[in-house]
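A.B. asks: Below is the structure I would like to discuss, written out as structure tokens.
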Amino acid sequence: MPPTIHIVRHAQGYHNVGKYGEGIHDPFLTEEGKGQAQELCSKFPHHDSIDLLAASPMCRTIQTCQIAFQPAVDRGLKILLIPHAQEASNEQMDTGSTQEVISEAFGDLVDMKQLDVHPYWNRNIGVFDVNAEALIERARLLRRILRERPEKNIALVSHGSFAHYIVGNVDESGAQITRMWSNTECRSYQFVAEDDEVAELVETQESKDRRPDIEKQTDGYLLGNGAPRKNSAGAALSP
């Protein structure tokens, strides 16, 4: 049975509050951001069942994962860095550091094996390009990576814009069709099937009950290039 995925947007980073935040390279969390992550830790209801920690390889997402899921860290879980979960832009704030910098900052807390597989992950080329087509495909690949994991409850810390791609809340041009995720907002998803091509996710009822309603600007969601748009029940929408 595929795992349940708990998707989190990182806590407040220095780029979120700086006048020219987009120019800050791979920023860390502010003190307020650390407090946001601690608050999520105190409220998250499934710490005991988390058996995989995963994050975008950015400093703010790693920090958020470390603080928000401290009970799992205390149990000895490392944070698997998945380059496919990085943000959807090529600004300095969304460009990852070298493995040497990450290792110096986080040491043995992180598992960087997937960065070895994709050494160009922080250069915004190939599958890591930032055009809409590439981002939609990268999100599909990420969902498939997660679905194929043997663990059953995965905490994934990603980013506010790319979270829309992960769950399909974008149109064909990449425009977001729901509101921006708040810092440390956490939503839980399950896979619709074990073998569909796009690895479709559906939000759990418990997750919907613990957060404000999505403010939709249009109908439907998009999970793959060339895939039909669907309504909230999963039925294809008319062109």
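A.B. asks: Within region 78-92, count every residue that is part of a helix (DSSP H, G or I) and either at pLDDT below 95 or open to solvent by 40 Å² or more (accessible area, probe 1.4 Å) (or both). Step through it out loud before you land on a result.
C.D. replies: Within region 78-92, the subset part of a helix (DSSP H, G or I) is 83-85, 92.
Those still in the list that are either at pLDDT below 95 or open to solvent by 40 Å² or more (accessible area, probe 1.4 Å) (or both) too: 92.
Total satisfying the criteria: 1.
A.B. asks: Among residues belonging to region 176-216 that are under 18 Å from V8 (Cβ atoms), touching a Lys or Arg at 6+ places or on another chain (Cβ under 7 Å) and of a type in the set (D, E), point out the one that is modelled with the highest pLDDT.
C.D. replies: It comes out as E185.
A.B. asks: Take the residues in region 163-175 that are more than 15 Å from R9 (Cα to Cα) and in contact (Cβ under 8 Å) with a residue 24 or more places away in the chain; name whichever of them is most open to solvent (accessible area, probe 1.4 Å). It would help to see each step written out before you state the result.
C.D. replies: We begin by selecting, within region 163-175, every residue more than 15 Å from R9 (Cα to Cα); these are 168, 170-175.
Subsequent filtering for residues that are in contact (Cβ under 8 Å) with a residue 24 or more places away in the chain retains 168, 170-174.
Details: G168: 0, V170: 0, D171: 40, E172: 114, S173: 85, G174: 15 Å².
Only one residue tops the list, namely E172.
A.B. asks: Moving on to the next point. Tally the residues that are more than 23 Å from T64 (Cβ to Cβ) and open to solvent by 30 Å² or more (accessible area, probe 1.4 Å), restricting the search to region 117-139. Steps first, please.
C.D. replies: So the first thing to find is which residues in region 117-139 are more than 23 Å from T64 (Cβ to Cβ), and the list is 117, 119-120, 123, 125-127, 129, 131-134, 136-137.
Pick out the ones that are also open to solvent by 30 Å² or more (accessible area, probe 1.4 Å) and you get 117, 119-120, 123, 125-127, 129, 131, 133, 137.
Adding up the residues that qualify gives 11.
The values are calculated or read from the model by the stated rules, or taken from the named source; none is laboratory data. Quick caveat: nothing in here was measured; it's all calculated off a predicted structure. Note that we place each Cβ from the backbone using ideal geometry, even for glycine, and neighbour counts take in every protein chain shown. These area figures cover heavy atoms from the full protein model, side chains too; ligands, DNA and RNA do not enter into them. Shrake-Rupley method; radii C 1.70, N 1.55, O 1.52, S 1.80 Å.
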